1. Given ALA490, ALA434, which one is touching a Gly at 6+ places or on another chain (Cβ under 9 Å), aliphatic (A, V, I, L, M) and crowded, with 21+ Cβ neighbours inside 10 Å?
2. I'd like to check something: does the stretch 127-140 contain any residue that is surrounded by 22 or more Cβ atoms within 10 Å (Cβ to Cβ), farther than 22 Å from THR300 by Cβ and among the charged types (D, E, K, R)?
3. Filter the stretch 63-85 for residues that are over 50 Å from the mean Cα position of the chain (by Cα), crowded, with 18+ Cβ neighbours inside 10 Å and in a helix (DSSP H, G or I) and give the result.
4. Is it the case that some residue within the stretch 86-101 is outside any helix (DSSP H, G or I), open to solvent by less than 60 Å² (accessible area, probe 1.4 Å) and in contact with a helix residue (DSSP H, G or I) (Cβ under 8 Å, 6 or more places away or on another chain)?
5. Could you please find all residues in the stretch 33-57 being among the aliphatic types (A, V, I, L, M) and in contact with a helix residue (DSSP H, G or I) (Cβ under 7 Å, 6 or more places away or on another chain)?
6. So how many residues does the stretch 379-403 have that are open to solvent by 40 Å² or more (accessible area, probe 1.4 Å) and touching a residue at least 40 places away in the same chain (Cβ under 8 Å)?
7. I'd like the full set of residues that are within 15 Å of ILE475 (Cβ to Cβ) and either at pLDDT 95 or above or aliphatic (A, V, I, L, M) (or both), limited to the stretch 562-590.
Amino acid sequence: MKTTKHENKESIIDTLTAAQRFIFAPVAFQALAAMLDLGIIEFLDKKPATESEIISSLKLDEYTVRTLLQSGLMNNIIQENENYYNLTKFGKLFLYNDMTIANFNYIKDVCYLGASELTESFKTHQPKGLHRFIGNYPTIYPALTKLPKQMQQSWYKFDHFYSDNCFEEVFSVITQKYKSIYDIGGNTGKFESLCLKKDKNIDITMLDLKANIDAISCNSKLKNCKFRPINVLDKNPDYPEIKNSAVLMSQFLDCFSKEDILKILTDLRMKMDKNSSLYILEPFTDLQKFEGAEYSLVHTSLYFTCMANGVSKIYSCGEMEELIKKAGFTICNQYQNIGSYDYTLMECKNTRTEQWFQIKEQAAGKKRLQLTWFLYKIFGEKILYVISFIVAFFTFLFAPKIREYSKKYLNITQNQTGIKPNLLNQFKHIHAYADSLADKLLVYSGNYRKSNITLEDNNNIKNQLSEDLEKGNGIFFICNHIGNIEIIQAFFTDSKVKPNFNVNIFMSNKQSQIFNQFLQTIKYNFPFNIFYVEDIGLNTGIELKENLNNGDMVFIAGDRLAQDNDKKYIEAELFSHKIYLPEGTFKLAKLMDVPTYFISAVKIDNRYKIVLERQNSLAETELVSAYTKFMEKVIKYNPLQFFHFYDFFG
């Protein structure tokens, strides 16, 4: 069927009309606000009235009334019949529909002026509307208690209008499983009030910014609520240890960028045990039944851009699922249509097991090391291996997680190594690690027999190493936790390899404290500088490069993520299983532009073999691939020397 010229013209006119309505919508919005403020809407709701009756009753002039009535007619807020004006159904929404009133006042009082700064907000990722009209706050949240009264009221009414409607159902879902709840971003404490009203014995803690807690903690309805000030964006936020509890984030994560959400969830996961659950309540844009709801949520994102923080939005369900999984959670339940406005409640479990820095030390620590050293000085070398057996035995009996991680590793490598993941081999694995601690003490004492150390001299590697050292440009060693890296110290103190050198070692802050305290106790003297892996940055690189130019050596592990940089990783494969390696190690190796070696010291039949591989100008991804192949080779020499007693393959 052909489109006629007349129909085509009508289509164009309709499109142009729609465009003009869109263009003039901001002033039409403010005209409605004026009609409400001046009492015209409320007056016409009582009975139809003429223009003159409105003027005389409300004491307004003809210009004001006539101009606003014209706007109201054009926007279907009012209608006219024989010179009498009355409200339409659409107009009545602004008096009687709670959702419409909350949304209208929120846009008028909170967003309208700030929206003029949207372009700059997008350019800078800062809430420029907030900066221009409220103050130079990084986000709106610390400013909430200082906002003008009308703006503050409209903000809170909008913020609570939707999520408050969900709290009864959320309470019911959570308390079927938990009697202890942590509410992060509790705001005015309405959820806490409801919980305490329904169950006065419930254990509930609200976590929020200190300013907000100070403002509401005196509320008598919250006298049995616990409070914990926290800034979730701090480098090390002060989360409690969460055990067998529920954590609620109600319309909280949409206040942050994707990068911040990932940080928040990852930090939180590290404090949650596997018996706890995270509940995330959000109005996802792609799970709305009605077009109006989706439209409202999409445009609420613009408030976050210009007023709240410059970087967040109302997310889709798919976007949130991706972030949840990336942070190490699994969504085990998803409750739809929570409340009256299509909210979704996601129940998430911590599925990623601890990183190495989250596992409590079983055999190390300053006091244990000092006691072992004291016994060694009295009874000699044999006592160290007696102690190592005792430590291994009790660790095997009373550290089920370590057995679990050992079993998983042995199961993954069984086809390549032939070692079965049975209990005997799990014990041997743990015992091998305890034995390595005894060997470390002998190295520190200077009494480890160097005749027990050999160098695998494939491809004339020893001469190559000597030549590199003699050039005086320094060497970058990437080591690992297979075998005993301290044995390398005994190897390098051999003057045939390199006399009078300085060593730069990268360690975690926690490791370094224990290490230094112990070495001071035993008066150990070795020329090394310690760098913290948590603090790798530009200054570290400059200092390191200077040291290397002076002929120093650098040792850094390539197989463990740093505690404060555990989200900066490279995915790799070890024995066809995904692992995560620290991005910084391999970037640093390339930046230093000096000879790079992989190095390991693995124990075979009570003797240590130093394994070295020189890497020649590989790209970063190639360097990572070569490193994992090196690890596989070393593991096959003695699979029980793999000392990662956490979920390395998690």
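1. Numbers: ALA434 fails: touching a Gly at 6+ places or on another chain (Cβ under 9 Å).
So the residue among ALA490, ALA434 that is touching a Gly at 6+ places or on another chain (Cβ under 9 Å), aliphatic (A, V, I, L, M) and crowded, with 21+ Cβ neighbours inside 10 Å is ALA490.
2. For the stretch 127-140, residues surrounded by 22 or more Cβ atoms within 10 Å (Cβ to Cβ), farther than 22 Å from THR300 by Cβ and among the charged types (D, E, K, R): absent.
3. From the stretch 63-85, those over 50 Å from the mean Cα position of the chain (by Cα) are 63-70, 73, 78-85; that's our starting set.
With crowded, with 18+ Cβ neighbours inside 10 Å added as a condition, the list becomes 65, 68-69, 78, 85.
Answer for the stretch 63-85, where residues must be over 50 Å from the mean Cα position of the chain (by Cα), crowded, with 18+ Cβ neighbours inside 10 Å and in a helix (DSSP H, G or I): VAL65, LEU68, LEU69.
4. Applying the first criterion (outside any helix (DSSP H, G or I)) to the stretch 86-101 yields 86-88, 97.
Going one step further and asking which of them are open to solvent by less than 60 Å² (accessible area, probe 1.4 Å), we end up with 86-88, 97.
In the following step, the residues that additionally are in contact with a helix residue (DSSP H, G or I) (Cβ under 8 Å, 6 or more places away or on another chain) were identified as 86-87.
Yes; the residues of the stretch 86-101 include at least one that is outside any helix (DSSP H, G or I), open to solvent by less than 60 Å² (accessible area, probe 1.4 Å) and in contact with a helix residue (DSSP H, G or I) (Cβ under 8 Å, 6 or more places away or on another chain).
5. ALA33, ALA34, MET35, LEU36, LEU38, ILE40, ILE41, ALA49, ILE54, ILE55
6. So the count comes out to 5.
7. Matches in the stretch 562-590: LEU588, ALA589.
Rundown of residues vs (1) surrounded by 21 or more Cβ atoms within 10 Å (Cβ to Cβ); (2) in contact with a Lys or Arg (Cβ under 6 Å, 6 or more places away or on another chain); (3) polar (S, T, N, Q), yes/no style:
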residue	(1), (2), (3)
SER576	no, no, yes
LYS587	no, no, no
LEU591	no, no, no
ASP605	no, no, no
TYR608	yes, no, no
GLN615	no, no, yes
PHE630	yes, no, no
HIS644	no, no, no
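The values are calculated or read from the model by the stated rules, or taken from the named source; none is laboratory data. Computed from a predicted structure; not experimentally measured. A quick note on method: Cβ atoms are made from the backbone with ideal geometry, for glycine too, and the neighbour counts reach across all protein chains shown. To get the accessible areas, we keep the full protein, side chains included, count just its heavy atoms, and leave off ligands, DNA and RNA. Shrake-Rupley method; radii C 1.70, N 1.55, O 1.52, S 1.80 Å.
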